[in-house]
Amino acid sequence: MKVQSRTQPRVAANHAHEMTLAAPPEWHRSSRQGFRFLYVVDAVTLFGLMVAITVVRFGLDWPTYPRTHYLIGFAVATALHMTVYYFGGLYEFEQRLGHRPWLPRAMLLTFMAVGGDATVTLLTGRYLMPRGNLVVLAVAGAVLISFNRWGARRVRQLRTGKPRMLLMGTPADIDSAREHLADAEADAVVVGSLTDPTLILPEADRLLATELLLLSGQPLDAIYPAPLDELELRNISVFRRITPADTLLGLQRSRQIGGMPFVALREHALPMCRLRFKRLLDLAYLLLLAPFTLPLTAAVALYVRIGGGRGVLYRQERVGRGGAPFVLLKFRTMTRDAESNGPVLAASNDPRVMRGMGWLRRTRLDELPQLWNVLVGTMSLVGPRPERPQFVARLEREIAGYGRRHDVPPGITGLAQTQGHYQTDPGYKLGHDLQYVVNWSPVLDWEIMAKSLVVMARRNAR
C-alpha cells in the first residue's frame, strides 16, 4: 500500500486555487529559497577581505610563503566560513517585518569560523593566513557579512516592492494597528483587513498579501494546521501579536512591528540548513559507532535466526519525513501470522512475541537493522518514532497537528521513547515529539541517546 506525502495534496490543491484566484508573482513563489546570490557575494567578500588585510599589513611582498600558498589558504578559509554561515542559518528565508539585527548572529558565526581556521592550523600545521589576520577577520568579516544582508534586503525591496500586510482581528484592534503601522512601518503597506478567519486565503490571494498579522490573540486552532500550511506554501509570513496571557508561555523570541510585539508563526519548525546539519551528524555518529554496532548486529541476527528460524528481518511500511512512505527494517520478534487479521498496535506483554524474543524488544535491540535506514537517509538516530500509514491516517484525523511530527526524519529512539512506553497514549507521545521538533539541537540528541542506553539497561535487568 502506497502512502501519499501530506505535502502532495496540499500542493495540488494550492495550484488549483491559484488558477481561480489572483496568482502570486514569480518572485513571491521563489522568495523562500533565500538570496542565492548571497553565496557568491559573501564568498567574494570574505576572500577579498583576506587579501586586503594581508596587503594592508605586508604590502605586495608577502612574508615566509609564496603567494599561491596564501591564496590556497584563503580559499580553504572561505569555504570553511561559508559552511559555518550556511549551517548557522544565514541563507534561510527571513521574514521582512520586524527583522532581527544581523550583526550579533554574524559576529557569533564568524568567531566560530575563525576558531575553525585556527583548528585547521593546529591539526595540519598549515597556516591558512598570518595569525594576526584572524583577529581583524573576526571583526571585519562579521561587519561586512551583516552589511551584505542589509544590501540584500534593500535589493529585495526594490525588486518586489514593500511588504503587503493583511490584518486580522477585531475592528478596534485593526484600527489601532493601522495607526501604529502608519507611524512606524514606512517600508510596508496595509492592503486590507478582515475579521473572519475563513476568509484568510481568498483575501490573501486577492490582495497579493505577503504578510498576515493576527492582532486579537485568536486561538491558534483558527489557523493551525490550516490555513497556516497553505499560507506557507504561498510564502506568506504569519505573525501573531503577543498578548499579556502569552507571556505565561515564556516566549523568548519576539519582534517589533509598528511598535507592537509579535511572534512569527511557522508550520515547519526546522529550516533546511538544520535538517542537513542533523543528517551530517547522523553519518558521523554511524562512522564512530560502526566498530561496536556491526558486531552486535551480527550477533543479534544469529540469535534471531537460531530462535526464530528463517526470515531474520521484518520489513514494514512506515511514514517518514514530510509524510513520505519508506520501508523500515527490524529483527523479527513476532510470529509470522502476527497480523493475519490486519495491523495491530503492539501492547505490553504482547502474546504474539515469540519465546525468547521479548528481551530484544524491551532493550530495543530488535531495531538495530534501522541503522541501515539511517545510512540511506530515511531515518535519523533520534527523532519521533515512525508510525504505520493506517495509524497515521487515523491519528491525523483525531489529533490536530499530528502531522507536524513529520517535520524531521523519524528516529530509532526519541524523546517519547525515553519518557514513555509502547502503550503510552499517542496524544502524550505527540507532546514529547513536538517538544523535540521545536527544541532540536545536537546536545538534545546526545541527552536522548544517553537516556536510551539507560532505559535499555534497566529493561534488560528486569
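The values are calculated or read from the model by the stated rules, or taken from the named source; none is laboratory data. Since the model is a prediction, treat every value here as computed from it, not as a measurement. In this analysis, Cβ positions are derived from the backbone assuming ideal geometry, glycine residues included, and neighbour counts consider all displayed protein chains. Side chains included, ligands, DNA and RNA excluded: accessible areas come from the protein's heavy atoms. Shrake-Rupley method; radii C 1.70, N 1.55, O 1.52, S 1.80 Å.
Worth pointing out:
- Helices assigned as whole DSSP H runs in the chain whose Cα atoms extend at least 24 Å along their own long axis and whose mean Kyte-Doolittle hydropathy is -0.5 or higher are found at 37-58, 67-87, 102-124, 131-160, 272-308, 442-460.
- Size of charge dipole - the chain - debye, nearest 20, with Cβ of Lys, Arg +1 and Asp, Glu -1, no other charges: 1660
- Antiparallel content of DSSP bridges confined to the chain, in %, to 5: 50
- The candidate values were (1) 29, 28, 22; (2) 50, 24, 21; (3) 43, 36, 18; the one computed from these coordinates for semi-axes √(5λ) of the Cα gyration tensor in Å carries the label (3).
- Accessible surface of region 155-214, 1.4 Å probe, proportion on carbon and sulfur as whole %: 53
- One chain, two ends: Leu302 and Thr198. Fully extended at 0.36 nm per residue, the span grows by 31.6 nm beyond their Cα-Cα distance.
- Taking all protein chains into account, the per residue accessible area for the chain stands at 51 Å² (1.4 Å probe).
- Listed residues Gly258, Leu281, Pro163: farthest to the positive end of the dipole of region 146-292 (Cβ charges): Leu281
- In Å², nearest 10: area of Val327 left accessible to a 1.4 Å probe: 80
- Chain lengthening between Arg126 and Val44 when straightened (0.36 nm per residue, less Cα-Cα): 27.3 nm
- Of interest is the spacing of the C-alpha centroids, which for region 49-94 and region 172-233 amounts to 44 Å.
- A cut-off of 5 Å between modelled amide H atoms, ignoring neighbours fewer than 5 places along the same chain, links Tyr314 with Lys330, Phe331, Arg332.
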